[in-house]
Amino acid sequence: MSSLDRSRSDSAPAGFRLNNVNGKFMGVSAGIADYFNVDVTLVRLGWVLGTILGFGSLVLVYLAIGLIAD
């Protein structure tokens with residue numbers, strides 16, 4: 001075990017990951033909710049409102065995150 005492995009604490013954030021277990025479609029919203037420690041319903045509501053107000057542009061962002069992450 002190197003000194004780098006020992007210096008890393010267990011409480012260090014792992015980074016963003018998709019959450020396919022709690023996710024409905026691709027796990028993007030559930031992954032964002034896990035990362036920011038908020039309720040997944042609020043994240044989904046934000047996606048819907050952002051998509052409606054942004055004339056559908058967030059659909060492309062959602063798909064890109066789902067395809068690129070993990």
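The values are calculated or read from the model by the stated rules, or taken from the named source; none is laboratory data. Model, not experiment: these values are computed from the prediction. Here the Cβ is made from the backbone with ideal geometry for all residues, glycine too, and neighbour counts use every protein chain on show.
Observations on the model:
- Residue within region 30-43 that is among the aromatic types (F, W, Y), modelled with pLDDT of 90 or more and under 10 Å from the mean Cα position of the chain (by Cα) present: yes
- Taking (1) among the hydrophobic types (A, V, I, L, M, F, W, C); (2) at pLDDT 90 or above; (3) assigned to a loop (DSSP other than H, G, I, E, B) in turn, A12 satisfies each apart from (2).
- Check on L53, loosely packed, with under 11 Cβ neighbours inside 10 Å and modelled with pLDDT of 90 or more: yes
- Taking each residue of region 43-70 that is part of a loop (DSSP other than H, G, I, E, B) and looking for partners that are of a type outside the set (S, T, N, Q) with beta-carbon atoms closer than 8 Å, six or more apart or interchain, yields A69/F16; A69/R17; A69/L18; A69/V28; A69/G31; D70/R17; D70/L18.
- Scanning region 41-60 for residues that are over 14 Å from F16 (Cβ atoms) and among the β-branched types (V, I, T) turns up T41, V48, T51, I52, V59.
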